[in-house]
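First up is the structure itself, then whatever we jot down about it.
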Amino acid sequence: MSLKSYPQKVNISDTIEHGIGRVLVQGKTQYQEYMFFESDVHGVCIALDGDIQSCESDEVMYHEALVHPAMLAHKNPKTVLIMGGGEGATAREVLSHKSVQKVVMVDLDKEFVELCKTYIKSWGESAFKDERLEIFYMDINEYLAQTQEKFDVVIGDLIDVSDWESEIASLYSTQMYEKVKKVLTPSGIVATQAGALDTRTSTNHKKIREMLGRVFNDVHSYGIVIPSFYHLWGYLIAGDDLRVIEESLAEKFRQSSCELEFKGLGVESLISAFSLPMKIENTFK
């Protein structure tokens, strides 16, 4: 791999290259290849198995979009499960909600989490020091099968799937979401990152949306532009009764500005994220 560029696969025909100023650390854990590097444009960036995961310049935008809609859509989220989230930034955003009493983070790769604590320390430091956070280093499927815990909100911050024949695809399967539903409280909500949105097929996003739709009554897509991804990035929120999305989520966002310190998106951007371009909405039909 040339140190001049590090390709990020967006789909089968497009690639994006990020210039590398300096490699901070590079190697392979038991589960994945990693590189932490500095970019003149995006600051410290993380790549796993050749794909960009997060960049210092806009990680707060990605994580605010992932976390806050589900947290605000729930009336009183006290217990939260994070699937993945090794950087600690997802937990950081979850723990900014004062109602939260317990957060469980399940990540397969302990070595990667420890690298994050060293090379992107500021991203998740507040979360890793918070007594409300409990971390399990194990397969999320195993955790879901054995836990007796119930959660108000479940957030999926898992690696993006590029091959639907791969093992990673099982993390977005109907069977996976059926397991998730079993650990949710009756009014529970699940949110997940769901791949790039485009005007032709939005293939991955559409598949994940359809799988969630087989398990939950209400599923909503939303998206924001992540500059380091050079793409409109998709998210999904699902539950059995999400009337708040249509009725009052905008007002909850505005009320939350008194409690939450938005640093990436802000209230109006979160509200507008649910108004996707018509041409993209049409790909879901």
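Here are the numbers for this structure:
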quantity	calculated
Length released on extending from Lys75 to Glu149, taking residue separation times 0.36 nm less the Cα-Cα span	24.7 nm
The chain: relative contact order as a whole-number percent, Cα under 8 Å and 6+ apart	16 percent
Nearest-0.05 FRET efficiency for Thr203 and Ser126, computed from C-beta distance (R0 35 Å)	0.45
Estimated inter-spin distance, Ser99 and Met138, nm [label 7 Å along Cα→Cβ]	2.9 nm
Mean ellipticity per residue at 222 nm, deg cm²/dmol - from DSSP H runs of n ≥ 4 across the chain, formula -39500 (n - 2.57)	-8500 deg cm²/dmol
Identified option (computed Rg and Dmax of the Cα atoms in Å; candidates [x] 22.5, 71; [y] 17.7, 51; [z] 20.7, 73)	[y]
Sequence-distant residues sharing a close amide H with Thr185 (under 5 Å, placed H)	Phe151, Asp152
Phi-based couplings in Hz for the stretch 187-196 (Karplus 6.51, -1.76, 1.60; Gly and Pro marked x)	9, x, 10, 10, 9, 8, 5, 9, x, 5
Sequence-distant residues sharing a close amide H with Asp51 (under 5 Å, placed H)	none
Within the chain: Cβ-based charge dipole about Cα centre, in debye rounded to nearest 20 (Lys, Arg +1; Asp, Glu -1)	520 debye
Whole-Hz ³J(HN,Hα) from phi, Karplus 6.51 cos²θ - 1.76 cosθ + 1.60, for the stretch 125-139, glycine and proline x	4, 5, 6, 5, 8, 7, 5, 6, 9, 10, 10, 10, 9, 6, 5
Under-5 Å amide H pairs with Ile82, H placed in peptide plane, nonlocal only	Val104, Met105, Val106, Ile155
Karplus (6.51, -1.76, 1.60) ³J(HN,Hα), θ = phi - 60°, over the stretch 28-42, in Hz, Gly and Pro reported as x	9, 8, 4, 10, 6, 7, 9, 8, 9, 9, 9, 10, 4, 8, 10
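Any read-out appearing in this document is the output of simple, stated calculations on the displayed coordinates, not a laboratory observation. The shown structure was predicted, so the numbers you read here are calculated from the model rather than taken from an experiment. A quick note on method: Cβ atoms are made from the backbone with ideal geometry, for glycine too, and the neighbour counts reach across all protein chains shown.
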